[in-house]
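Asks: This structure is in structure tokens; I'll ask about it shortly.
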Amino acid sequence: MLTTNQSNKPVVLIDARGPRYSAAITSVVLALALITESSYVIGFQFAVFLSAVLFGLRRSIYGFIYRNLIQPRLSGPVPSEDQRAPRFAQLIGALFAFVALLGGVTGNSAVFLIATSFALGAAFLNAAFGFCLGCQIYLILVRLTKRS
Amino acid sequence: MRTLPLLGLILVLTSVFGIYYRSKNGLIRKKRRLHISQAEFAGSYGRRATILQFSTTFCSQCRAAKSLIADVIKNQSDIAYVEIDAESNLELVRRVDIRSTPTTLFLDRAGFEIARATGAPKRNQLIKVISAL
């Protein structure tokens, strides 16, 4: 016997597989940024994160790649999820990329390397193991800040 | 190229954490006997047991957990299965310490928590726990 105690608030749903594929592309770009220590590469990744935060995951740069190149090749049912938590994770990524970019532009390589490393670790965890660190933080934040 | 060892270190550390996470995710563990009243989840206890699944709309594993549990208990009318939206029930979420979704609580017939799974439960373990309820 299943009963549900769910709210019916409107949500924006996305293909739940998309963020993990985007995380895989992000991991490659951040690894490249780390190896080359290039402010241009981290600047590009910052723009990608920002596009997801501002326009949503579907209309972000990697979202566009996923929808046009990867999604048509996938089969089976499409799992969906509310985009709020993965979008929040993109915001966290954008903050780390911004700090790394600042470090790169100002010649502070320790700041660049530490911030890029954290962003890469989080992206790799999502891509390889399906663990979305930003999404975990999102629920904890809701728990801490939202009134019942 | 001087950062290659750093890249290797990040991949090793995150892989160790990732493997640990995957091994623990969905495991059903025995818990202390915390009581949850029927009013708190706006439902009724089952005659034998109650399963409470805390979900959110932004949780990709929640649907898989829901269909798995519903499938395992489909012929057991004496077990109540209630899915709770964590965001709409924050007071209960804080009290029973739900940190991620899906989290599934297994209650005895009196509403005392006897086990919980964080992440989508594993089918074999779920069948074993439900038959022991």
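The values are calculated or read from the model by the stated rules, or taken from the named source; none is laboratory data. Quick caveat: nothing in here was measured; it's all calculated off a predicted structure. Cβ placement follows ideal geometry from the backbone for every residue including glycine, while neighbour counts extend to all protein chains displayed. When the accessible area is computed, the model is the full protein with side chains, heavy atoms only, and any ligands, DNA or RNA have been set aside. Shrake-Rupley method; radii C 1.70, N 1.55, O 1.52, S 1.80 Å.
Asks: Which of B:Leu90, B:Leu11, B:Leu68 moves most in a GNM of chain B, Cα contacts under 10 Å?
Replies: With Cα springs under 10 Å in chain B, the top fluctuation among B:Leu90, B:Leu11, B:Leu68 is at B:Leu11.
Asks: Please average, across the residues of B:76-87, the number of beta carbons from any other chain that are within 10 Å of each residue's own beta carbon, and give a whole number. Present the calculation step by step, with values, prior to reporting the outcome.
Replies: Details: counts 1, 1, 1, 2, 3, 4, 5, 5, 4, 6, 3, 10.
Taking the mean over all residues of the peptide, I get 4.
Asks: With a 10 Å cut-off between alpha carbons and a GNM built on chain A, which of A:Arg73, A:Arg20, A:Arg58 moves the most?
Replies: Of A:Arg73, A:Arg20, A:Arg58, the most mobile in the Gaussian network model is A:Arg73.
Asks: In peptide B:50-59, how many Cβ atoms from other protein chains are near each Cβ within 10 Å, on average?
Replies: Values: counts 1, 2, 1, 3, 2, 3, 10, 13, 18, 7.
The per-residue average across the peptide is 6.
Asks: Same structure again: Treating only the Cβ of Lys, Arg, Asp and Glu as charged (+1, +1, -1, -1), what charge dipole size does the range B:26-132 show about its Cα centre? Round to the nearest 20 debye. Intermediate results must be reported in sequence, preceding the final value.
Replies: Values: 18 positive and 10 negative charges, 110 e Å.
I would put it at about 520 debye.
Asks: Same structure, new question: Would you jot down the residues in the range B:96-123 that end up with at least 40 Å² less accessible area in the complete protein assembly than in the chain alone, with a 1.4 Å probe?
Replies: Residues passing the criterion (a loss of at least 40 Å², heavy atoms only) are B:Arg99.
Asks: Calculate, in whole percent, how much of the Cα-Cα pair population of chain A lies beyond 28 Å. Walk me through the intermediate numbers first.
Replies: On the way: 2554 of 10878 pairs.
Result: 23 percent of Cα pairs exceed 28 Å.
Asks: Output the relative contact order of chain B, whole-number percent, from Cα pairs under 8 angstrom with separation of 6+ residues. All intermediate terms of the calculation are to be shown ahead of the outcome.
Replies: On the way: 200 pairs, mean separation 48.8, N = 133.
Once normalised by length, the contact order is 37 percent.
Asks: Next question. Report the net charge of residues surrounding B:Arg33, where surrounding means a beta-carbon distance below 11 angstrom and charges are Lys +1, Arg +1, Asp -1, Glu -1. Working shown, then result.
Replies: Values: positive: B:Lys30, B:Lys31, B:Arg32; negative: B:Asp108, B:Glu113.
Taking every other residue near B:Arg33 into account, the sum is +1.
Asks: Also, quick follow-up: Of the beta bridges DSSP finds with both residues in the protein assembly as shown, what % are antiparallel, to the nearest 5?
Replies: Within the protein assembly as shown, antiparallel bridges account for around 60 percent of the total.
Asks: Moving to a separate point now. Which angle between 0 and 90 degrees, to the nearest 10, do you get for helix A:84-106 versus the longest principal axis of chain A when only C-alpha atoms count?
Replies: Value to nearest ten degrees: 10.
Asks: Give the average, rounded to an integer, of partner chain Cβ atoms located within 10 angstrom of each Cβ in A:82-95.
Replies: On the way: counts 6, 2, 4, 6, 2, 1, 1, 1, 0, 0, 0, 0, 0, 0.
Average per residue, whole number: 2.
Asks: Give the percent of DSSP beta bridges with both residues in the range B:26-132 that are antiparallel, rounded to the nearest 5.
Replies: Values: 15 of 22 bridges.
The antiparallel fraction comes to roughly 70 percent.
Asks: Summing +1 for each Lys or Arg and -1 for each Asp or Glu, what net charge is found among the other residues whose Cβ lies under 12 Å from the Cβ of A:Pro86?
Replies: Cβ neighbours under 12 Å give a net charge of +2.
Asks: What angle, in degrees between 0 and 90 and rounded to the nearest 10, separates the Cα long axis of helix B:4-24 from the longest principal axis of the Cα atoms of chain B?
Replies: 20 degrees
Asks: Separate question: Where does the protein assembly as shown land on Rg(C-alpha)/(2.2 N^0.38 Å)? Intermediate results must be reported in sequence, preceding the final value.
Replies: Working: Rg = 20.8 Å, N = 281, 2.2 N^0.38 = 18.7 Å.
Cα-based Rg divided by the globular estimate yields 1.11.
Asks: With +1 on each Lys and Arg Cβ and -1 on each Asp and Glu Cβ, and nothing else charged, work out how big the dipole of the range B:20-83 is about its Cα centre, in Debye to the nearest 20.
Replies: Working: 12 positive and 4 negative charges, 85 e Å.
That gives the range B:20-83 a dipole magnitude of about 400 debye.
Asks: Using only Cα atoms, locate the centre of the range B:1-56 and the centre of the range A:16-80, then give the distance between them in Å, rounded to an integer.
Replies: Rounded to whole Å, the Cα centres lie 26 Å apart.
Asks: Please provide three numbers in whole Å: the alpha-carbon extents of the range B:26-132 along the principal axes, with the largest listed first.
Replies: Between the extreme Cα coordinates on each principal axis of the range B:26-132 lie 30, 29, 22 Å.
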